[in-house]
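Let me begin by presenting the structure, written as C-alpha cells, before commenting on it.
The values are calculated or read from the model by the stated rules, or taken from the named source; none is laboratory data. Just so you know, these numbers come straight off a predicted model, no measurement behind them. Cβ: placed from backbone, ideal geometry, glycine included. Neighbour counts: every protein chain shown.
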C-alpha cells in the first residue's frame, strides 16, 4: 500500500488539484518525495512562504479552483499569513497544507513546535483540521478541498504530521460531487424588483462572483430597466472589464470620496458583497459609509448563486432581453516627456494587449489606471482584496500558471514590491510570461497621505523618515537581473513605452522600473485633507466633479 504522502498526492490529482506552490522543510520531505510519483501535479518552488500563498491566490482567481500550498510548520504558515488573509477577504479557494512534527514528537516542545491550528484559524475560520492517522489522511484532504471549493470560497487548512505522511496504509479517496449553490428565492427577487420599480435613488453593489461577464450583463440589464446605479467593491477579487462589457464604478478607497458616490442613496442591493465601510477609522469621521436612511437589501449572500439571482431579477423586471449599456472601445494617446505615474497608466492603456490579466498593487501611483484602461480590449483586473501589501507579485505567478496563453501585467508600488521581491526568482525559474512594472517613487506614498488624513500632530523628521525610501534608493532593475529577470529602467514616457512594447512582444518575465515622482506630493498632499473635509458641505455637482479629479 502507498504511504500517506503518496496516497495524498493521488487524491489531490484525482480531485483536480494541478499545482502545489511550496516552501518545504524537514517535516514535509515525504510529501516532497511523493511529487515525483504524480505527473499530474506541478510543483512550484517559492523562496518565501508569502510568495507561495499569494501565488495560490492568483492561480485560484483565474483558474476558478484551488491550488495547494505546502508550508513548513507554524512559522512557515505565519510567514505566509498576509496573503492568506488577502485570499480570505477575496473568498478565494486555497488548499493550505501545513506540515507538522510527528504526532509523538509534538509533546517534546522542540524548537520549531507551535500551535499551528491557532495560527491557521486567523485565515481559515471555516476549516482547520490536523490529520491524526495515515488511513484518515485522504478523507481529511477531500473534506478540505470540498470546503475550499464551496461558496463562499475559502482557505481550507490541512495540517499534516510527518508520521501521518510517512506512515504506510494510505487510502486514496474520491472527491464527492459539489452541491449546486442556491439562488435567492422567488419572494426575495419579487421584493427587490418592487423596490427597483418604486423609484428613488437605488444602486446595486456587486462583489466577487457577480463581477464576471454573465453577472455584469445581468446587472446591466437590471440597471437599464430600473435606472439603478452599478457599483462594485473597492478591491474586487476578479473584475472583467474593457470594451464590449458593462462599465461599473468602483467604490473609492478614500471614505470621503466614497461618501460622494453614495450620497443621497435610498436603497442599496447587495450582490455577493457587504455594505461599504471605511478602510480605517479616523477621528471624528463615520466608519459606515451609507447615508442615513438608506435601506439595504440582499439579493445574494456569498453562499448563494449571485449570477442566477441577477438573472432572475432581470427577468422579474421584464429586462431579460434588454440591451445593456456597454463600454465603448477607446485608448489614450501615447504619452511623451518626463515620466510620471499618470503617464505610466496612460502608456498601459495605449498598449494593453487583448485578454491581458492586470494585477493592480500600484497603490497611489495607479489612481488613473481605471480611467486609462476603461475602453481597452477586454481584460481581467485582480486587486488587493485584504489590503495586506505584497500580494501583487505572487498573484502574477499564480495567474500566469493558471492562464499560460494570456499576458500578465503586474503593476506594483516600490514599497509593496519589497514584501515579496523573491517572486522574481520564481517568475524566472518557471519562465512565466509576466511583465512587472514597479513604480519607484522612493516613498510609502499612501502612508504619507494617511499621515495627513488622520490628523497626527507635530509631524517631524523622525516621523517622515519612517515613510521615506530614499537613502539608499532601491534599484529594482538590478534586483531583477540578479534573480534572472530581464529588466529595464525608464524615466521618460518614450523609454517606458519602448520597454513595454519590447516586454509584451517577447516571451518570459520582464521588469520595467518606472522612476516617477509621487503622484500625491507637495501642495497636492497638503491640500488633500482640506478638500476631503470640505466635500460633505459642497454642492453635490461640485463634490462629484472634485471626486472625478481626485480619483476618476
Contact list, first residue from the range 185-206 and assigned by TED's automatic domain parsing to the domain that holds residue 294, second anywhere and surrounded by fewer than 12 Cβ atoms within 10 Å (Cβ to Cβ), beta-carbon distance below 8 Å, six or more apart or interchain, is 201/264
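Among the residues of the range 539-551, are any at negative phi and either assigned by TED's automatic domain parsing to the domain that holds residue 284 or in contact with a strand residue (DSSP E or B) (Cβ under 7 Å, 6 or more places away or on another chain) (or both)?
Checking the range 539-551: not a single residue is at negative phi and either assigned by TED's automatic domain parsing to the domain that holds residue 284 or in contact with a strand residue (DSSP E or B) (Cβ under 7 Å, 6 or more places away or on another chain) (or both).
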If I ask for residues that are in contact (Cβ under 8 Å) with a residue 60 or more places away in the chain and more than 28 Å from the chain's Cα centre (by Cα), which ones from the range 83-111 would you list? 100, 101, 102, 103
Answer residue from the range 203-222, given it is over 21 Å from the mean Cα position of the chain (by Cα) and surrounded by fewer than 24 Cβ atoms within 10 Å (Cβ to Cβ) and is farthest from residue 92 (Cα to Cα) among those: 203
Residue in the range 495-510 that is in contact with a helix residue (DSSP H, G or I) (Cβ under 6 Å, 6 or more places away or on another chain) and more than 15 Å from residue 409 (Cβ to Cβ) present: no
By residue number, the members of the range 318-329 that are surrounded by fewer than 21 Cβ atoms within 10 Å (Cβ to Cβ) and either farther than 22 Å from residue 224 by Cα or in contact with a helix residue (DSSP H, G or I) (Cβ under 9 Å, 6 or more places away or on another chain) (or both) are 318, 320, 321, 322, 323, 324, 325, 326
Within the range 466-480, identify whether any single residue is out of contact with any helix residue (DSSP H, G or I) (no Cβ under 8 Å at 6 or more places or on another chain), modelled with pLDDT under 95 and either assigned to a helix (DSSP H, G or I) or buried (at least 19 other Cβ atoms within 10 Å of the Cβ) (or both), and answer yes or no. no
I'd like to check something: does the range 165-173 contain any residue that is in a loop (DSSP other than H, G, I, E, B), surrounded by fewer than 16 Cβ atoms within 10 Å (Cβ to Cβ) and at positive phi? yes
Helices (runs of 4 or more DSSP H) wholly in the range 308-402 with at least 2 residues that are in the same structural domain as residue 503 (by TED's automatic domain parsing) and over 16 Å from the mean Cα position of the chain (by Cα) - which ones? 341-351, 369-373
Residue check for residue 503: in a helix (DSSP H, G or I) and buried (at least 19 other Cβ atoms within 10 Å of the Cβ): yes
Which listed residue, of 363, 348, 401, is at pLDDT below 95 and closer than 30 Å to residue 419 by Cα: 363
Only one of (1) in contact (Cβ under 8 Å) with a residue 12 or more places away in the chain; (2) in a helix (DSSP H, G or I); (3) surrounded by fewer than 13 Cβ atoms within 10 Å (Cβ to Cβ) does not apply to residue 462, and that is (1)
For residue 529, state whether it is outside the structural domain of residue 413 (by TED's automatic domain parsing), more than 30 Å from residue 409 (Cβ to Cβ) and surrounded by 13 or more Cβ atoms within 10 Å (Cβ to Cβ). yes
Taking the criterion of being farther than 20 Å from residue 238 by Cα and surrounded by fewer than 22 Cβ atoms within 10 Å (Cβ to Cβ), would at least one residue in the range 351-367 satisfy it? yes
Quick one: in the range 250-274, of everything that is out of contact with any helix residue (DSSP H, G or I) (no Cβ under 7 Å at 6 or more places or on another chain) and closer than 18 Å to residue 384 by Cα, which residue is surrounded by the fewest Cβ atoms within 10 Å (Cβ to Cβ)? 274
Show me the strands (runs of 3 or more DSSP E) found entirely inside the range 20-132 where at least 2 residues are buried (at least 24 other Cβ atoms within 10 Å of the Cβ) and in contact with a strand residue (DSSP E or B) (Cβ under 6 Å, 6 or more places away or on another chain). 68-72, 94-100
Test residue 300 against the stated conditions and say whether it is buried (at least 20 other Cβ atoms within 10 Å of the Cβ) and either in the same structural domain as residue 222 (by TED's automatic domain parsing) or under 21 Å from the mean Cα position of the chain (by Cα) (or both). yes
Within the range 327-341, identify whether any single residue is out of contact with any strand residue (DSSP E or B) (no Cβ under 9 Å at 6 or more places or on another chain) and without any contact (Cβ under 8 Å) to a residue 40 or more places away in the chain, and answer yes or no. yes
Kindly check whether there is at least one residue in the range 3-15 that is in a strand (DSSP E or B), touching a residue at least 60 places away in the same chain (Cβ under 8 Å) and within 24 Å of residue 132 (Cβ to Cβ). yes
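Quick check: anything in the range 143-151 surrounded by 16 or more Cβ atoms within 10 Å (Cβ to Cβ), assigned by TED's automatic domain parsing to the domain that holds residue 26, part of a loop (DSSP other than H, G, I, E, B) and out of contact with any strand residue (DSSP E or B) (no Cβ under 9 Å at 6 or more places or on another chain)?
Yes, the range 143-151 contains a residue that is surrounded by 16 or more Cβ atoms within 10 Å (Cβ to Cβ), assigned by TED's automatic domain parsing to the domain that holds residue 26, part of a loop (DSSP other than H, G, I, E, B) and out of contact with any strand residue (DSSP E or B) (no Cβ under 9 Å at 6 or more places or on another chain).
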